[in-house]
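Just so you know, all these numbers are worked out from the coordinates, no wet-lab data involved. Remember, it's a predicted structure, so these values are computed and weren't measured experimentally. Cβ coordinates were reconstructed from backbone atoms using ideal geometry, including for glycine residues, and neighbour counts include every protein chain displayed.
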Amino acid sequence: MGGFFGAASKTDCVFDLFYGTDYHSHLGTRRAGLAVYDRQKGFDRAIHNIESSYFRPKFEGDIRHMSGQYGIGCISDYESQPLVIRSHLGVFAITTVGRINNKDEILAYLSKGGHQHFMEMSGGGTNPTEIVASIICQENTYADGIRLAQNLIKGSMTILLLTPEGIYAARDRFGRTPVTIGRKEDGLCACFESFSFLNLGYEEEKELGPGEIVFINEETWTTVGEALPEMHICTFLWIYYGFPASSYEGLNVEDTRYRCGHALARRDMKRGIRPDSVAGVPDSGIAHAIGYANESGIPYERPFAKYTPTWPRSFMPTHQDKRDLIARMKLIPDHKLIRGRSLLMIDDSIVRGTQLRETTEYLFQNGAREVHIRPACPPLVFGCPYLNFSRSNSELELITRRTINKLEGTPYPEESVLNDYLDPDSDAYAAMLEEIRRELNFTTLHFHRLDDMVEAIGIDSCSLCTYCWNGKG
């Protein structure tokens, strides 16, 4: 995944840029960067690996000598950025959030009739931000170049582009990821997460529409590319990876998660399931669990506490076994709240099932009588083709696909058969549910229904990307 922050100031933007970018650290774990433009000194840039450290200590030394009226910063899971590009348009810096699925097609287009070349990243492949920059340079204005990139790229691409005159911000053409503009007395900012500017004194000014391109300087913002009519914003923003204090399309993340919890509770009340307590698997399941508790009247408790002072983020290591180990060692049991009790746990999702199975076994080993599991989203059946946030490298790693393979003899049955597994009222879905429940040793398992989840979010389903659950993006 990834996130970004840009600032334009009448004085110096570096303080806001540093902290605004840091507030996106939950969206990436491998690379981070800052680029600034100063009218006296020109462009300056710093990029660091943050796999073994956090953003702030890595960049505290850099910002002591950085200055500028304009700047952009990013947190990334993959490529090094922002990049600084010298072109016929002028010198500019660029950072992106998204994914390009047709790289070969675009590289062939860019190489046609010329001798275009690209740097290879350390892990192989071409930096997608460099590809975006090259597309932009095919046109005679930044706005036209950005629109060309939006039209050529299959996947998604949201962009911040820094010039000596100001910053261009462009939301993905289908609005899969957000961009919000904030304003305060001496400048403006543009960011992925709308909460990131609140403590810096900005107030929300505008949320960009799908495909909208705006130009920002220290005085104002101007739309230079109109919003497009079709939106497919990522639903997982509200369910999992969005920060609780953020809002997208005017809908607060934490409040939406409460409503999801309400819906889960109402389904269980009809089933007659009433555990002794409700808990969220920290951190992303907590708000859903609070909503469940508020709706059901069942007390919210913490049967284990997450110990974070000396442990790195559980999603930071690249190897799954290391992530599972760290996730398990973070959780400290509270025996008084576990022994002899029926517990209901809400996690954001089930991907492979490894961590949640180990968490359940952990609770049973510490004396739990029952462990009921309620994922806050429907079963994940498809890998995301639009964003790089998925923890799964292949659909075959998804527990749903492994289960379908076991039941059907293939993880990829005919469409009509697969559709049965997507229908929460079908016999195939019930069989898949029971097989997963037995494999992971849950007392009961019920996923959030897609219709309930869409209703809880409150946006028309046609404007939401639900590809992970039903293949409709």
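For this structure, a couple of remarks:
- Taking the DSSP bridge list for the range 251-470 and keeping only pairs wholly inside it, about 20 percent are antiparallel.
- At the listed q of 0.19, 0.21, 0.28, 0.30 Å⁻¹, the Debye profile of the range 42-89, built from one uniform point per Cα, gives log10 I(q)/I(0) equal to -0.72, -0.86, -1.28, -1.37.
- Global geometry of the range 173-316, whether rounded, prolate or oblate, following the gyration tensor of its Cα atoms and the 1.5 cut on a/c: prolate
- Against the chain, whose longest principal axis is taken from its Cα atoms, helix 142-152 shows a tilt of about 40°.
- Across the range 342-358, coupling constants 3J(HN,Hα) worked out from phi with the 6.51/-1.76/1.60 Karplus curve, θ = phi - 60°, read 9, 10, 10, 10, 10, 10, 5, 6, 10, 9, 7, x, 4, 5, 5, 5, 5 Hz, and Gly and Pro carry x.
- Whole-Å semi-axes of the ellipsoid equivalent to the chain (Cα gyration tensor, √5λ, descending): 40, 25, 21
- Fewest-first sequence of GLU434, GLU185 by Cβ atoms within 10 Å of each Cβ: GLU185, GLU434
- Scanning residues 5 or more positions from CYS465 or on other chains, those with amide H under 5 Å from its amide H are ILE233, CYS234, THR235, with H placed 1.01 Å from N in the peptide plane.
- Close amide H pairs (under 5 Å, H built 1.01 Å from N) link ASN127 with MET121, residues at least 5 positions away or on another chain.
- For the range 342-426, the Kirkwood estimate of the hydrodynamic radius, built from every pair of different alpha carbons, is 14.4 Å.
- Take the Cα radius of gyration of the range 251-470 and divide it by 2.2 N^0.38 Å, N being the number of residues; the result is 0.99.
- Taking other residues whose beta carbon is less than 13 angstrom from the beta carbon of VAL179, and scoring Lys, Arg as +1 and Asp, Glu as -1, yields -3.
- Proximity of backbone amide H atoms, modeled 1.01 Å from N, is registered between PHE243 and no other residue at under 5 Å, excluding neighbours fewer than 5 places apart on the same chain.
- Rounded to whole Hz, the Karplus (6.51, -1.76, 1.60) HN-Hα couplings of the range 194-211, x for glycine and proline: 5, 6, 5, 9, 4, 6, 9, x, 8, 10, 5, 10, 6, 9, 5, x, x, x
- Rounded to the nearest 500, the helix-only mean residue ellipticity at 222 nm of the chain stands at -8500 deg cm²/dmol, with each DSSP H run of n ≥ 4 adding -39,500 (n - 2.57).
- Scalar couplings 3J(HN,Hα) for the range 40-54, obtained by applying the Karplus form with A = 6.51, B = -1.76, C = 1.60 to θ = phi - 60°, are 8, 9, x, 7, 9, 8, 9, 9, 9, 7, 10, 5, 10, 7, 9 Hz; x denotes Gly and Pro.
- By the count of other C-beta atoms within 10 Å, a proxy for reagent exposure, TYR202, TYR362, TYR109 are ordered fewest to most as TYR109, TYR362, TYR202.
- For the chain, share of DSSP beta bridges that run antiparallel, in % to the nearest 5: 85 percent
- When each of LYS184/LYS206; LYS10/LYS184; LYS112/LYS154; LYS154/LYS472; LYS330/LYS406 is checked by Cα-Cα distance, pairs over 22 Å: LYS330/LYS406
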